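Taking it in order: structure first as structure tokens, then the write-up.
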Amino acid sequence: MIGKLKENSVFIISLILTLLFIIWGVFFTENLTKVTNIIYNGTINNLGWVYIGATFFFVVFSIYLLFSKFGHIRLGKATDRPDFKTPSWLAMLFGAGMGIGIVYWSVAEPVTHFTTPPFGEGYTIDAANTAMSYTFFHWGLHPWAIYTVIGLALAFFQYNKRLPAAISSVFYPILGDRIHGPLGKTIDILSVFATVFGIATSLGLGALQVTAGMHSIFNVPNTLLVQIIVIVVATIIFLISINTGLEKGIQYLSNGAMIISFAILLLLLIVGPTLTIIKVFFNTTGMYLNDFIQMSLRLKPFGEGEWIASWTLFYWAWWIAWAPFVGMFIARISRGRTIKEFVIGVLIVPTLGTCIWMSIFGGSALDMVVHSDNHALAEYIADNVSLAIFTFFEHLPLSSFLSILGFALVAIYYVTVADTATFVLGMLSEGGTLNPSNKIKMTWGIIQSAVASVLLISGGLEVLQTASIVAALPFAIIMLFMSYSLLKGLTGELDVQRRKSRVKNNV
Amino acid sequence: MKLFQVRKGQFVYYENELHRVYAVKPMYKKSVHLIRLRDLTQHLSSAAEVERYQPKELDSFIFNKKVYTLSKDRRAEVGDYILITNPTPDYLDHYSLNEIEVVATVENKGVITNNSNGIRHHEYLLMVPGRHEKSNPIEYRDKGSNEDIPLNGNESENIGVDDLLPIIGDVYKKNDKETTLEAMVIGIEGSSVFLGNGQSLHQDELMDTEKWLFLYHLGDK
């Protein structure tokens, strides 16, 4: 009995922690909101620089890996070759990395920045340019650098060092066999905890948007109750899919989502202001690259850091909380690729992809509000963020067709993310096994929906943002150590390979 | 068989021999792409030319020049070959019907293979080396018409694998975490092979990729 308890300690402790959080949220909602706000303010004032510094470091580190002497190391055995063709590999990792969020924010973010820019006057041409370059910044190199580091570390220790698919495995060069002891378990517990919040944030945003979509298409009331019903229905759907053989259906759905995304993108490019979109893409890419370092390290030591906290820090925290989930997935589909290929495929290409996506959505939305000087529309979008994309579609040709496509996309993303998240949580909490039991998967399924509901009940979007900033902080620190550990592991691998080639050359 | 009945992974007979479908390309004239299990060579065919066979317990067949019998008697152990007859892949898995994989780790609920797939115990049949006496050989649909190739289980000595056999000057690496031993073949007598480190072993053992990895041939440098 005690042995079994020990074996499942990661699952049990992380479950208790999240349950405590849920109980707190359900019975002491006011208190939860108050306390998270206190921690939130404390974190952004005192520890905001940790997020800023850490994420910037991940970008630098990933670029270093791209050009380093490790570039030729292959993830897996020297004879392994990739399981997936490069285009489908890129499509899959793009979907996992951004998926639900990019649909939610691609219209809302540029327009909101246009009304309240990080600096300067709102509603001006300058504000529109700043809005676009900050959108690129939040969705560009930084998130993908976070995924690159964690994905690469997981893949390397899984395939080259043959360790289990757990976050603690990554610390083998630092901790040695202690990764199986309490220290390793603590790392796994923190990663499960961060992941639950990352997923709950995405599910919360997803529920907001599914409800908004139903509101704009079928006129269903856009209220908290409906949002909770959406979560409950989705939970039932994926619980059924875990227990029957419907998992395959989910896979087809997620492929369908990719196809719908590309269809919407292409359609928008054609019916939207095509020339403006192209100009926005080039102009913003230039601004983004030019201001990259300044934006990356921007803090307000002598003023209010409210804007940075509610945007930049929130995104960095959300990406980090979401990273174990995405990293696990990217690692799994990347076996057989070299480190150079991996960094190009996970850092550079998806960044380009997000920039194109943001130019098409954000560019056309800004075009709408800037050219017609439609301040009322801009304000409406900024105030009703979850409705943003549907409001935007209403002003385009083929609007009802686009709305239905958009709604289908969000709904599919929601169910697939929820379903796959249960698998990854099961895996992380059972010591990296690839066969998590259905009971544990179902438990996480219910828990993640409960956390999302609690967060929505206790204050909606703001609390979602606050909670992920708080929950991801320990994991941000863990990821810094992870980079060091990865570097150590790679250096060791290089020694082994150098010995081999020396033998070869001598022959 | 009609084209819409052919699926990736199915075992089929083509020209009387057992093959596995590895791809179906409906746009091509030769739409069914097969791999012959006996020696893992590729063949192109059309749906009309193949006939499906569903493997079951106690069937025996030749896979990559060795005979195996399908069994459910015990759970798979590390190093065993398994045939995935009932695939229900999870989110991070990448396998399909009738995939043959090697077990890397055994857990309570299932096994993890060398390809990092998590496979539950009810999803696979174990491939036991050798031909069980009660087994039903399935490598030919019409037994007897291919009498030139015997079914006695010593296929490795009969079937043309000459180009794969170790020759003098081949460098092999021991596939083992503990050592970094690399050795060259310096002598061959019949089927025994002598390595530069003084070791001698059977050629089949050297060709077992679980134990030894071929690195390169001296003459190819």
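Points to keep in mind about this one:
- Semi-axis lengths, largest first, of the ellipsoid equivalent to region B:3-53 are 15, 11, 9 Å, with √(5λ) applied to each eigenvalue of the Cα gyration tensor.
- Average partner coverage of B:103-109, which counts Cβ from other chains inside 10 Å: 3
- The fraction of accessible area contributed by carbon and sulfur in region A:424-494 is 71 percent, rounded to a whole number (1.4 Å probe; ligands and nucleic acids excluded).
- The modelled label-to-label distance between residue A:356 and residue A:28, using points 7 Å beyond Cα along the C-beta direction, is 5.1 nm.
- The A-B contact accounts for approximately 2600 Å² of buried accessible area, totalled over both chains at a 1.4 Å probe radius.
- Computed over neighbours whose Cβ is under 15 Å from that of residue A:118, the net charge equals -4, Lys and Arg +1, Asp and Glu -1.
- Accessible surface of region A:179-282 [probe 1.4 Å, protein heavy atoms]: carbon and sulfur percent: 78
- The spread of Cα positions in chain B, taken along each principal axis and listed from longest to shortest, comes to 56, 45, 40 Å.
- Normalised contact order of region B:3-53, rounded percent, pairs of Cα under 8 Å and 6 or more residues apart: 36
- Straight-line cross-link partners of residue B:2 among the lysines, defined as a Cα under 18 Å from its Cα and at least 8 positions apart when in the same chain: B:25, B:29, B:30.
- Rough spin-label spacing in nm, given labels placed 7 Å along Cα→Cβ, for residue A:90 and residue B:122: 4.2
- From the C-alpha gyration tensor of region A:126-203, square roots of 5λ in Å: 33, 16, 9
- Amide H contacts for residue B:99 (H built 1.01 Å from N in the peptide plane; partners 5 or more residues away or on another chain; cut-off under 5 Å): B:84.
- Residues of region A:430-462 buried by at least 40 Å² on assembly (accessible area, 1.4 Å probe, chain alone as reference): A:434, A:435
- Acute angle (nearest 10 degrees) that the helix A:247-271 long axis makes with the longest principal axis of chain A, alpha-carbon atoms: 40
- Here the peptides A:73-84, A:383-394 are ranked by packing, the mean other Cβ count within 10 Å, and the order with the highest first is A:383-394, A:73-84.
- Between residue A:491 and residue A:178, the FRET efficiency estimated from the beta carbon spacing at R0 = 22 angstrom works out to 0.60.
- Positive-end residue of A:399, A:377, A:36, charge dipole of region A:2-497 with Cβ unit charges: A:36
- Binning all Cα-Cα separations of the protein assembly as shown at 20 Å, short to long from zero, yields these whole-percent fractions: 16, 45, 30, 9, 0.
- Label sites at residue B:43 and residue B:210, each approximated as a point 7 angstrom past Cα along Cα to Cβ, lie 2.8 nm apart.
- Probe 1.4 Å, protein heavy atoms only - accessible area per residue of chain A in square angstrom: 39
- Mean Cβ count within 10 Å, highest first, over the residues of peptides A:161-170, A:29-38: A:161-170, A:29-38
- Burial order of peptide ranges A:291-300, A:315-324 (average beta-carbon count within 10 Å, highest first): A:315-324, A:291-300
- Surface composition of chain B: carbon plus sulfur atoms contribute 49% of the solvent-accessible area (1.4 Å probe, protein chains only, all chains present).
- Within 10 Å of each Cβ in A:421-427, the average number of Cβ atoms from other chains: 2
- The charge dipole of the protein assembly as shown, taken about its Cα centre with unit charges on the Cβ atoms of Lys, Arg (+1), Asp and Glu (-1) only, comes to about 720 debye.
- Added length on full extension, which subtracts the Cα-Cα distance from 0.36 nm per residue, residue A:60 to residue A:72: 2.4 nm
- Other residues lying with their Cβ under 14 Å from the Cβ of residue A:148 contribute a combined charge of +1, Lys and Arg counting +1, Asp and Glu -1.
- Per-pair calculated FRET efficiency, R0 = 45 Å: residue B:56 and residue B:176 via Cβ, rounded to 0.05: 0.80
- FRET efficiency for the pair residue A:484 and residue B:75, taken as 1/(1 + (r/R0)^6) with r the Cβ-Cβ distance and R0 = 45 Å, rounds to 0.65.
- At full extension, residue B:107 and residue B:189 could sit 25.3 nm farther apart than now, given 0.36 nm per residue minus the alpha carbon distance.
The values are calculated or read from the model by the stated rules, or taken from the named source; none is laboratory data. Predicted model, so just to flag it, every value in this text is computed and none were measured. Methodologically, a virtual Cβ is constructed for each residue, glycine included, from the backbone with ideal geometry; neighbour enumeration extends over all protein chains shown. Calculation scope for accessible area: heavy atoms of the full protein, side chains included, ligands and nucleic acids excluded. Shrake-Rupley method; radii C 1.70, N 1.55, O 1.52, S 1.80 Å.
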